Amino acid sequence: MEKSTTTNMDQPNGNMSVTFVPSSGYDLDVFDQGHFYGIHIAALLCIFISFSCAMTVITASFTQRKTNFFTWSKSDRFVVYIAICDGLFNIAHSLDHTQILITRSHVKPEGLCVFYGFMLSEFLTAQILMINLVAINAFCLIVFNKDVPFGKYDHRLLIWTFGTPLVVSIVAVSLNQFGSNTVFCFMDSIRGRLMNVVYVTIPLLIVFTVNLVLYGVIYCRLRFRSTKFESSRISSRSRRAARNMILFLLAFFVQYWSAVLVGVWELRTPYIPVIVYYLSITFPNIGGFLNGLVFIVIRRRFLQRDKNGETKSIENLNKRVDTSSTTAILHMGVD
C-alpha cells in the first residue's frame with residue numbers, strides 16, 4: 001500500500017522536510033499505550049460470554065418447543081434471530097481480536113481484515129434493524145390495530161434485516177471502506193471515518209430516538225387503555241407486555257450506547273482516550289449476555305404465571321389464535 005507524504009519548504013535552513021500522511025489504518029501502529037493485552041483480552045472475554053449465552057438461548061428455545069419454528073410466536077422467533085446475530089457477530093469478532101493478540105500486528109492479509117469487517121457490519125446492522133422492527137410491529141398493533149406481516153417463513157423480515165446490511169456492506173467494500181481501526185477490523189480508521197459516521201453513528205442515533213418514541217407511545221396507550229378493562233385480565237397482561245418490550249429497549253441501549261459515543265468522539269478528534277476504547281470493546285460485545293438476561297426474565301415471568309394458573313402451557317399458547325389487537329400483541333411475544 002502506498003503511503004502519502006507531503007513536503008515542507010519552510011525550514012530555517014532551507015531544507016525540505018517530509019511529513020508522513022497515513023492513507024489507511026495499516027499505516028498506523030496497532031493501538032497499545034500500555035493496554036494492548038488488556039484491550040484484546042477484555043474483548044475476547046466479553047465475546048466468549050456473549051457467544052455462550054447466545055448458544056444457550058438458541059438451545060433452550062428449541063428444546064422447549066417441539067412444533068415447527070414458524071408456528072412460534074413472533075417474540076420467540078425474534079429471540080432466536082437476535083441470538084443468531086449475536087453468535088455470528090461474536091465468531092467473526094473473536095477471529096480478528098485473536099489474530100491481533102497473537103501477532104501483535106494488524107490482521108494480514110488486508111483482504112482478511114476486510115472480510116472480518118464485512119461480517120461485523122452484516123450481523124451488527126441486522127440486529128439493530130431486528131430490534132427496530134420489534135418496536136414498529138408493536139406500535140402498529142397498539143395504535144393502528146394492524147399486525148405487520150412478515151411473509152411466509154418470515155421472508156420479508158429476513159430480506160429487510162439481512163438483505164439491507166448486505167447491500168450496504170457490498171457498497172462499503174467497493175468504496176474500500178473496511179480495514180483496520182488499529183484495535184480490530186471494521187471501518188478503516190483513515191479511509192472509513194466518514195462511512196463509520198454515516199453507517200453506524202447516525203443510524204444508531206436515529207434508531208435510538210425512534211425506538212424511544214415508539215415505546216413511549218405504546219406504554220402510554222397500554223396504560224390508558226387498561227382503565228377500560230379494569231375487570232379484565234387483559235389489563236394486567238397489557239402492562240406486562242409494556243414491561244417486556246422495555247426490557248428489549250434497555251438491552252439495546254446498554255449494548256450500543258458506547259458505539260454512538262465513539263462515533264461522536266471521532267467527529268471531534270481521531271485520538272480516542274483509553275477508557276473509551278475499553279467501553280467500545282466491552283458493551284457491543286456482550287449483546288448475547290444482555291439478550292440472554294431478557295430471555296430469562298421474560299421466561300421466568302411466564303413460568304411463574306403458568307405456575308399460578310394465569311396462563312396456559314407454552315405449547316397451547318403458541319397454538320392459540322385470536323384476532324383482537326391486544327391478544328395479537330401478546331402472541332407477538334411481548335408477554
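Here is how the numbers come out for the structure above:
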{"quantity": "Condition check for residue 115: closer than 21 Å to residue 188 by Cα and of a type in the set (Phe, Trp, Tyr)", "calculated": "yes"}
{"quantity": "Given (1) among the aliphatic types (A, V, I, L, M); (2) in contact with a Ser or Thr (Cβ under 7 Å, 6 or more places away or on another chain); (3) at pLDDT below 85, number of the condition residue 261 does not satisfy", "calculated": "(2)"}
{"quantity": "Any chance residue 33 is within 23 Å of residue 180 (Cα to Cα) and either in a loop (DSSP other than H, G, I, E, B) or modelled with pLDDT under 90 (or both)", "calculated": "yes"}
{"quantity": "Failed item in (1) under 19 Å from the mean Cα position of the chain (by Cα); (2) surrounded by 23 or more Cβ atoms within 10 Å (Cβ to Cβ); (3) modelled with pLDDT of 90 or more, with residue 113 passing the rest", "calculated": "(1)"}
{"quantity": "Filter result for residue 124 (under 13 Å from the mean Cα position of the chain (by Cα), closer than 18 Å to residue 256 by Cα and surrounded by fewer than 22 Cβ atoms within 10 Å (Cβ to Cβ))", "calculated": "no"}
{"quantity": "Residue within region 80-89 that is in a helix (DSSP H, G or I), of a type in the set (D, E, K, R) and surrounded by fewer than 20 Cβ atoms within 10 Å (Cβ to Cβ) present", "calculated": "no"}
{"quantity": "Count - residues of region 197-232 that are over 21 Å from residue 246 (Cβ atoms), among the hydroxyl-bearing types (Ser, Thr, Tyr) and at pLDDT 75 or above", "calculated": "2"}
{"quantity": "Residue check, residue 102 under 23 Å from residue 137 (Cβ atoms), part of a helix (DSSP H, G or I) and without any contact (Cβ under 8 Å) to a residue 60 or more places away in the chain", "calculated": "no"}
{"quantity": "Scope region 23-60; condition polar (S, T, N, Q) and crowded, with 23+ Cβ neighbours inside 10 Å; matching residues", "calculated": "50"}
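The values are calculated or read from the model by the stated rules, or taken from the named source; none is laboratory data. Bear in mind that the values here come from a model prediction, so they are computed numbers and not experimental data. Counting neighbours? That spans all protein chains shown, and the Cβs are built from the backbone with ideal geometry, glycine included.
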